Amino acid sequence: MVISEETGVKQIGSDSSQFYLTVDPVDGTTNAVRGLPFMNISIAGSNKPMLDNVEIALVADILRDITYTAERGKGACKNGKEIKPSETVVLEEAVVGVDLSTFKARQVVDKLVGILERTGHIRHLGANALEICYAADGTIDAFIDIRGKLRATDLAAAYLILIEAGGIITTPRGEKLDVQLDATQRVSFITAANKSIYEAIQKSMKAGTDDL
């Protein structure tokens, strides 16, 4: 089965129920249209159509010739070299990606104000899967998207890459992030390089996440 935003769920062959390929052909569409050089393609393979069942993953930075890969239980790589997240442990020193691209920006900012006030290095580059990979390889220290807007299909490959690198990803409430791989399934999440940064983010967000 092939799962993507463009085609939905499509059967390939006579017996394709044993393997699922989740594909995002272009993550960062607005960047691509406007000529901003930050976008990627993502491919994730799983034995069930669930996020936590992803076994292999690839995220390719198509403009910089950089490819992130992961295989469950075998770590994550950037152009074939093993990657690990940042060791930054102080939120005030961290580079944190935050996606605020929503008409509900005021509501999202209200929940994130504690982080925005503590962190002097906020970024968003416009391709969430690639930004999660940046958290996996230590380029940034965390990435937060609590809009409830991102599709699970966009996240699938980067999810495994971050976990296999040693990073953390949960729901805003701190629960395990495991959803159906479907183009209609939306997600909110927190990623962090390590437990110290993750706990600092959760503490800063705690008062504003009850309804996420």
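Taken together, the values in this text are just the output of simple stated rules run on the coordinates, not laboratory data. Owing to the predicted nature of the structure, the values given are computational and were not obtained by experimental measurement. No Cβ is skipped: glycine too gets one built from the backbone with ideal geometry, and neighbour counts run over all protein chains shown.
The modelled label-to-label distance between residue 63 and residue 19, using points 7 Å beyond Cα along the C-beta direction, is 3.3 nm. Working from Cα positions, state the angle (0 to 90°, nearest 10) between the long axis of helix 105-118 and the longest principal axis of the chain. Approximately 60 degrees, to the nearest ten. A straight chain from residue 178 to residue 12 at 0.36 nm per residue would run longer than the Cα-Cα distance by 57.3 nm. The modelled label-to-label distance between residue 72 and residue 29, using points 7 Å beyond Cα along the C-beta direction, is 3.0 nm.
Pull out the extension gain between residue 185 and residue 122, defined as 0.36 nm times the separation in residues minus the alpha carbon to alpha carbon distance; nm, one decimal. Can you show the working numbers first?
Details: separation 63, 0.36 × 63 = 22.68 nm, distance 2.69 nm.
Gain on extension, residue 185 to residue 122, equals 20.0 nm.
Calculate how many DSSP beta bridges within the chain are antiparallel, expressed in % of all such bridges and rounded to the nearest 5. All intermediate terms of the calculation are to be shown ahead of the outcome.
Details: 38 of 47 bridges.
Counting only bridges with both partners in the chain, antiparallel ones make up about 80 percent.
The angle between the Cα long axis of helix 152-165 and the longest principal axis of the Cα atoms of the chain comes to about 70 degrees, rounded to the nearest 10. Set against the labelled values [x] 54, 36, 36; [y] 56, 52, 41; [z] 41, 38, 34, Cα extents along the principal axes in Å computed from this structure falls on [x].
Each helix, a run of at least 4 DSSP H residues, gives -39500 (n - 2.57); summed and divided by the residues of the chain, these come to -8000 deg cm²/dmol at 222 nm.
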